[in-house]
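The values are calculated or read from the model by the stated rules, or taken from the named source; none is laboratory data. Every value quoted in this text rests on a predicted model; they were computed, and no experiment measured them. We place every Cβ from the backbone using ideal geometry, glycine too, and count neighbours over all the protein chains shown.
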Amino acid sequence: MIAGVVVPAHDEERLLSACLRALGDSTVVVVADACTDRTAAVARGHGAMVVEVEAHNVGIARAAGVRELLRRGVSWVATTDADTLVPPNWLATQLRYAADGWEAVVGTVTVADWTGHPRHRPAAYARHYAADSPVHGANLGFSAAAYRTAGGFPPLATGEDRALVTALERAGRRVLRTRRLPVVTSARRHYRAPYGFGHLLTTL
């Protein structure tokens, strides 16, 4: 199975290198969305393919990256974020799940550093996770066939990941929600996506 990774990025030159190093030798498309810094240059320097858009919209950016991978014949797509570090064998583990018949994999997110957040917030985040089944574009994978059936990422400024997973489930696709493959992301005290992960953290 041919696999690739989509990383949407808006002015992420500072954090992108670590993200791409964690992805290793995976086939990666970085979607530089309305960037005014060196995000695209950093991505190319790490050997990633770059798609440049002027959308200011993460749903459009993720969809553009997936479209590029599908054009290149990829049959499994994973997505993460530019401020996120995936664990070793992250993509290979998703592919093992795919070989077992799963058509999408929804993973969890842990926070790297709570500095600047109130002391209660880590515990509140843990309670939120215990009570909910969150979906994160930072830790998501799906087959090309399932993605097409679900209609792809909608052009939403936030919640595009949840909308896709909901569409996959409504289409009867086999979606695995697992806590065995967490990624590590920033605490996003200065977040860009309205009502996204950063908003969640600041309102817990």
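Quick look at the values:
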{"item": "For A32: the one exception among (1) of a type in the set (G, A, S); (2) under 25 Å from R173 (Cβ atoms); (3) without any contact (Cβ under 8 Å) to a residue 24 or more places away in the chain", "result": "(2)"}
{"item": "Members of the range 56-80 found to be aliphatic (A, V, I, L, M) and either free of Cβ contacts under 8 Å to residues at least 60 places away in the same chain or part of a helix (DSSP H, G or I) (or both), listed by number", "result": "V58, I60, A61, A63, A64, V66, L69, L70"}
{"item": "The range 23-47 - residue that is assigned to a loop (DSSP other than H, G, I, E, B) and out of contact with any helix residue (DSSP H, G or I) (no Cβ under 6 Å at 6 or more places or on another chain) and, of those, surrounded by the most Cβ atoms within 10 Å (Cβ to Cβ)", "result": "C35"}
{"item": "Which listed residue is in contact with a Gly (Cβ under 7 Å, 6 or more places away or on another chain), buried (at least 17 other Cβ atoms within 10 Å of the Cβ) and either under 19 Å from A3 (Cα atoms) or at pLDDT 95 or above (or both), from A150, A167", "result": "A167"}
{"item": "Criterion (over 26 Å from T178 (Cα atoms), part of a helix (DSSP H, G or I) and either touching a residue at least 24 places away in the same chain (Cβ under 8 Å) or not aliphatic (A, V, I, L, M) (or both)) met by exactly one of R96, R14", "result": "R14"}
{"item": "Residues located in the range 37-58, provided they are out of contact with any Ser or Thr (no Cβ under 8 Å at 6 or more places or on another chain) and within 21 Å of T158 (Cβ to Cβ)", "result": "T39, V51, V53, E54, A55, H56, N57"}
{"item": "Any chance G159 is at pLDDT below 85 and within 13 Å of the chain's Cα centre (by Cα)", "result": "no"}
{"item": "Leading residue by the ranking (surrounded by the fewest Cβ atoms within 10 Å (Cβ to Cβ)) among those in the range 176-195 that are farther than 17 Å from A92 by Cα and at pLDDT 85 or above", "result": "V184"}
{"item": "Total residues in the range 1-11, condition crowded, with 24+ Cβ neighbours inside 10 Å and either without any contact (Cβ under 8 Å) to a residue 24 or more places away in the chain or over 11 Å from T79 (Cα atoms) (or both)", "result": "1"}
{"item": "Any hit, the range 125-137, residues being under 18 Å from L23 (Cα atoms), at pLDDT below 95 and buried (at least 16 other Cβ atoms within 10 Å of the Cβ)", "result": "yes"}
